[in-house]
Ligand code: GLU
């Protein structure tokens, strides 16, 4: 049996991290078994589905590198097929038309609630042999759920689960206007697309016995189900916008690397010993549904940040550089106006938690600044250092080879000559050239800023110091 899994988002919003984790598990399972991963867009709800949401989902998947072998299939393009299956169920007696008015159903519901019963359809139209007099000509179609017995499934994550048929009522599979409902479309698609393993959020667990009954009524065998527990926020409630970012695209915007989010998501509910860091290849080699936790897991942003730092430090600098360039671009900084991005990544990657932080700390390599950081300038660009800084500028001006070691040597030599502690000279130099109180090692900073720009900025700092001396 060739494993075929699918991710079946409803395009009614962004790609939620919970959805992304479900997609990742489905993807990993398919890859692990040399199977196929299918993307299916469940857009039958025409009012709530949007093209922007489809784009956001595709963008999120592509950023995470979750490629699919087939699709995206759109349910909105498959209505004729669903109609055919509804008709098949009607013809075989597994479905029936229901003419009950909204009023009747509302009254029924109110009565059941008043009697503390679970609201459910009472089967009023189940045995009708002809439409009642004055009946609507657009009846809904209901599935004739077995009246007794139980539905048992062996969930690949949660083990055996049994549902009593008496708990399941005759659900609507086609609305009055002929459009199919979720439980019908999923069943038709999972079967037509030959899905072997349905891996999805456990919010669908109550739909599963209904789907299994429909599948059996169609004379088919159900796939294997795996219901993934939900993700909680730090307060134990289901993760939602209140807890901060929940959209995959938002994490990208906030400067996370896709491998960090993937590594984070895989560990959210799945483990392999106490290993924390997994490359994608390792995940593919090790992932198994039986190692997925049954209990819900809590989202922990600190751990995600820790993983992001890990990947910023250890990923291929050229890969990180592409993202750094993207973030700088979003900040209206043109990376072609300064040092190679790869060099900047090498210089900055030890000290940034996110790409945004790295980008913000790197703007000065590409753009001149209007003013020095006030606090840093107050502390380090003081008149006492004016002469030394001017002497340093003279030395750097005549330096032929603008490399970090050569720059380093000049700074050391001068500090020694003037009997200054290295920091006393290096820190003013840093503020002068970067505009701020922290940057990568000063020699590397100067090399990357370039000779011309460094000297211009030193001039600016010397002027700042002179003005300060004059106004004192
Ligand atoms: N479209 C459903 C959702 O987004 C998923 C259905 C399924 O995986 O079976 O919740």
Taking 311, 124 and counting other C-beta atoms within 10 Å, the order from fewest to most: 124, 311
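Exposure proxy check: 27, 63, 270 ranked by fewest other beta carbons within 10 Å?
63, 270, 27
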Residues in segment 434-457 that a label on residue 337 would reach, taking backbone N under 14 Å of a point 7 Å out along Cα→Cβ: 453
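At 222 nm, what helix-only mean residue ellipticity would the chain give, in deg cm²/dmol to the nearest 500, using -39500 (n - 2.57) for each DSSP H run of four or more?
-14000 deg cm²/dmol
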Kirkwood Rh, Cα atoms: Rg over Rh of segment 307-432: 1.02
Burial order of peptide ranges 102-114, 365-377 (average beta-carbon count within 10 Å, highest first): 365-377, 102-114
Gain in span if fully extended, residue 116 to residue 279, counting 0.36 nm per residue against the direct Cα distance: 53.4 nm
Relative pair counts by distance (%), Cα atoms of the chain, 20 Å bins: 20, 38, 23, 14, 5, 0
Pair-distance profile P(r), taking every C-alpha pair of segment 244-378, with 5 angstrom steps and integer %: 2, 9, 18, 18, 16, 13, 10, 6, 4, 2, 1, 0, 0
Inter-site label distance for residue 150 and residue 288 at 7 Å from Cα along Cβ, in nm: 2.8 nm
Alpha carbon centroid spacing (whole Å) that separates segment 365-444 from segment 156-227: 68 Å
Gain in span if fully extended, residue 90 to residue 77, counting 0.36 nm per residue against the direct Cα distance: 2.5 nm
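Tell me the relative contact order for the chain as a rounded percent, counting alpha carbon contacts under 8 Å between residues six or more apart.
So the answer I get is 12 percent.
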Helix 301-314 vs. the chain, principal-axis angle (Cα, 0 to 90°, nearest 10): 60 degrees
Residue order, fewest to most beta carbons within 10 Å, for 118, 353: 118, 353
Percent antiparallel among DSSP beta bridges (both partners in the chain, rounded to 5): 50 percent
Euclidean distance between Cα centres, segment 332-355 to segment 133-148, Å: 64 Å
Segments 392-402, 48-58 sorted - mean Cβ within 10 Å per residue, highest first: 48-58, 392-402
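Every number here is computed from the coordinates shown, using simple stated rules; none is lab data. Treat the numbers as computed from the prediction; the structure is a model and nothing was measured. Positions of Cβ are backbone-derived with ideal geometry, glycine not excepted, and every protein chain shown enters the neighbour counts.
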